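The values are calculated or read from the model by the stated rules, or taken from the named source; none is laboratory data. No experiment lies behind these values; they were computed from the predicted model shown. A quick note on method: Cβ atoms are made from the backbone with ideal geometry, for glycine too, and the neighbour counts reach across all protein chains shown.
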């Protein structure tokens, strides 16, 4: 809900000026995929590599955000939508700060991912689809969530009792069942380097 007494305050330092001293082009690397697909593992590996390249980054992870900023949200469709809306707004601020922000969220709905994309400039949102077959994700089940979902202990579980809408046209599409973490990481770093996000 808007408030007519609130006015946007323009900063004297621009996004471009913040990015220039970091020697990089800011963007959102939006990792999406099923639970157990490898989103967080890959996002962490990419951030480590970017750190080695002395780039300015920040990683937003689903579980960590739900322990603070989104603590009061559940897993209904409505709460999932609000979860992603808030993450989108936070990610936009990191881009404005000139940072390479990585996000690892299931973010099951295309409409909500597109809404985040619309918050920033066209080349500042990079959708990274970690495309791992459901049976592979379920066989990994690092948190035992699929087992609980199958027995009905967890309602509204993405891929089991709640839908997941895979990206229609992701910038990066990773088939993550027969590829090493090193190869995936390098593929993403190459994308960033080839398109000028990591200035020399």
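Selection over the stretch 166-200 of residues that are touching a strand residue (DSSP E or B) at 6+ places or on another chain (Cβ under 8 Å), surrounded by fewer than 13 Cβ atoms within 10 Å (Cβ to Cβ) and outside any loop (DSSP other than H, G, I, E, B) gives a count of 1.
Of all residues in the stretch 64-75, those satisfying the criterion of being under 26 Å from residue 18 (Cβ atoms) and in a helix (DSSP H, G or I) are 64, 65.
Return the total of residues in the stretch 116-127 being over 13 Å from the mean Cα position of the chain (by Cα) and touching a residue at least 24 places away in the same chain (Cβ under 8 Å).
Narrowing the stretch 116-127 to residues over 13 Å from the mean Cα position of the chain (by Cα): 118-123.
Restricting the remaining residues to those that are touching a residue at least 24 places away in the same chain (Cβ under 8 Å) gives 119-120, 123.
Total meeting the criteria: 3.
Answer yes or no as to whether residue 83 is closer than 25 Å to residue 155 by Cα, surrounded by 15 or more Cβ atoms within 10 Å (Cβ to Cβ) and over 13 Å from the mean Cα position of the chain (by Cα). No; evaluated as a whole, the condition is false for this residue.
I'd like to check something: does the stretch 28-35 contain any residue that is touching a strand residue (DSSP E or B) at 6+ places or on another chain (Cβ under 6 Å), part of a loop (DSSP other than H, G, I, E, B), modelled with pLDDT of 95 or more and surrounded by 20 or more Cβ atoms within 10 Å (Cβ to Cβ)? Among the residues of the stretch 28-35, at least one is touching a strand residue (DSSP E or B) at 6+ places or on another chain (Cβ under 6 Å), part of a loop (DSSP other than H, G, I, E, B), modelled with pLDDT of 95 or more and surrounded by 20 or more Cβ atoms within 10 Å (Cβ to Cβ), which makes the answer yes. Within the stretch 155-165, is there a residue that is touching a helix residue (DSSP H, G or I) at 6+ places or on another chain (Cβ under 6 Å), in a loop (DSSP other than H, G, I, E, B) and surrounded by fewer than 17 Cβ atoms within 10 Å (Cβ to Cβ)? Yes, there is a match, as at least one residue in the stretch 155-165 is touching a helix residue (DSSP H, G or I) at 6+ places or on another chain (Cβ under 6 Å), in a loop (DSSP other than H, G, I, E, B) and surrounded by fewer than 17 Cβ atoms within 10 Å (Cβ to Cβ).
Residues that are modelled with pLDDT of 95 or more and assigned to a helix (DSSP H, G or I) within the stretch 124-136 comprise just one, 124. Are any of the residues in the stretch 46-63 exposed (fewer than 13 other Cβ atoms within 10 Å of the Cβ), part of a loop (DSSP other than H, G, I, E, B) and at pLDDT below 85? Checked against the condition, which is being exposed (fewer than 13 other Cβ atoms within 10 Å of the Cβ), part of a loop (DSSP other than H, G, I, E, B) and at pLDDT below 85, the stretch 46-63 yields no hits at all. Checked against the criterion of being on the phi > 0 side of the Ramachandran plot, touching a residue at least 24 places away in the same chain (Cβ under 8 Å), surrounded by 15 or more Cβ atoms within 10 Å (Cβ to Cβ) and not in a helix (DSSP H, G or I), the stretch 101-115 has at least one qualifying residue.
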